Amino acid sequence: MALPLRYNVRNVFVRWRATLATIIGVALVVAVYILVQALAAGLEASNRNTGDPRNLMIVRKGSTSESSSQVTRTQFKTVQFLPQIARDGRDQPLISADLVVLVSLPRKDGSGEANVTVRGISPQGIELRPQVKLLSGHWFVPGKRETVVSVKMRDRFANFDVGQTFKTGGNELTVVGLMDGGDSAFDSEIWMDVDESRSIFDRENFSSFLARMSDETAAQQFIQRIEADKRLPLRVESETKYYSSQTQTSVMFQVMGTFLAIAMSIGAFFAAMNTMYASVGARTREIGTLRVLGYRRRVILASFLIEGAILAAIGGAIGCVASYSLQALSVYLGWQFGTVSFNTFSEVVFQFRITAALVIQGMLFAIGVGLLGSLLPAVRAARLPVIAALKAV
């Protein structure tokens, strides 16, 4: 016969002093695991949120990102008026030639400098990115050395408020507006006119083209036409797919989170084991009594494993609540997190993003630690001789 579950639950709470350290240890392991994985999820979400499914990104074949791509003005003229490209209200093709460059700028807190992405865009570039909203000021005017800065970058770098100026490459640029990228990759950028950026940074070519197709059929025809034209060594893919693939940096956080969780789980594993060994030692006569009452060895084994799982589940739940509370606090206080993108080597800003999948992973991880930590003590409890157990003081 099986032991009632309430027996295990009561044992956990009756001996709460002995189990508190294990619960805290498991909670810390789970919280660290979820928070570091949430950084990776935040980076991935930033890229997934970027782009419009109606748009196609055109870069040079073989390039891994816009910053390593070069497309010529001749190629732009060849592509610009292809019939598959949609047109705006003025009957102009919805295509933008962009230039992406990196500039080194001082941080707002005075901790040094970091690379920032400056994107030069054509007049249609703003319309092609509807998720980007102007929060204050106005959009840049070509020829006046004006820029529009992400509000999240404003909080991280010096001289990024509306009306302020910053220098790069011996040129002084004025911030005339603040934009919100909608939690996308555009939150990590500065925008200005593409021709002006080519002049300032002495670039002859562009980095990429962004074009909106009139429909799905037109998009397929456009891709086939570019691939068939030998004059155009270009790669075409949807804008959303392009940005979703730019997630190499998140892999680092995933690996780091897993490594930290494994390292910390060793401590939690031994803490659970010590707690359960102490529980076995304190309940020797109780175990003997259970055997006399007819409970078999495998029932005793399962009982201690369940007890360890309950112990770890409590710690896991506390860790999940703690990590989610920290995420809510960071959103409330407007905290921003940044790292260096392995694709562009520039500053990338993002938020924690704790998902349901991460919470489930954290709980499964906690229960796994509890079961492994309880296994040897459970085996010892199941193997205790009945007579010796009953004689124990």
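Which ones in segment 352-375 are part of a loop (DSSP other than H, G, I, E, B) and either assigned by TED's automatic domain parsing to the domain that holds residue 150 or out of contact with any Leu (no Cβ under 9 Å at 6 or more places or on another chain) (or both)?
If the condition is that a residue be part of a loop (DSSP other than H, G, I, E, B) and either assigned by TED's automatic domain parsing to the domain that holds residue 150 or out of contact with any Leu (no Cβ under 9 Å at 6 or more places or on another chain) (or both), then 355 is the only one that fits.
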Restricted to segment 102-118, and to residues that are of a type outside the set (Gly, Ala, Ser) and either in a helix (DSSP H, G or I) or more than 23 Å from the chain's Cα centre (by Cα) (or both), which residue is surrounded by the fewest Cβ atoms within 10 Å (Cβ to Cβ)? 109
Would you call residue 107 touching a helix residue (DSSP H, G or I) at 6+ places or on another chain (Cβ under 8 Å) and of a type in the set (Lys, Arg)? no
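In segment 230-242, what count of residues is obtained for those that are at pLDDT 85 or above and either part of a helix (DSSP H, G or I) or more than 15 Å from residue 57 (Cβ to Cβ) (or both)?
So the answer is 5.
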Residue under evaluation residue 294, criteria (1) outside any helix (DSSP H, G or I); (2) at pLDDT 70 or above; (3) in the same structural domain as residue 44 (by TED's automatic domain parsing), criterion not met: (2)
For segment 62-70, does any single residue satisfy the condition of being within 22 Å of residue 223 (Cα to Cα), among the small types (Gly, Ala, Ser) and assigned to a strand (DSSP E or B)? no
Can residue 165 be described as out of contact with any helix residue (DSSP H, G or I) (no Cβ under 9 Å at 6 or more places or on another chain), within 30 Å of residue 104 (Cβ to Cβ), assigned by TED's automatic domain parsing to the domain that holds residue 137 and crowded, with 16+ Cβ neighbours inside 10 Å? no
How many residues does segment 123-167 hold that are in a loop (DSSP other than H, G, I, E, B), within 30 Å of the chain's Cα centre (by Cα) and either at pLDDT below 90 or not hydrophobic (A, V, I, L, M, F, W, C) (or both)? 8
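The values are calculated or read from the model by the stated rules, or taken from the named source; none is laboratory data. Owing to the predicted nature of the structure, the values given are computational and were not obtained by experimental measurement. Every residue, glycine as well, gets a Cβ built from its backbone with ideal geometry; the counts of neighbours run over all protein chains shown.
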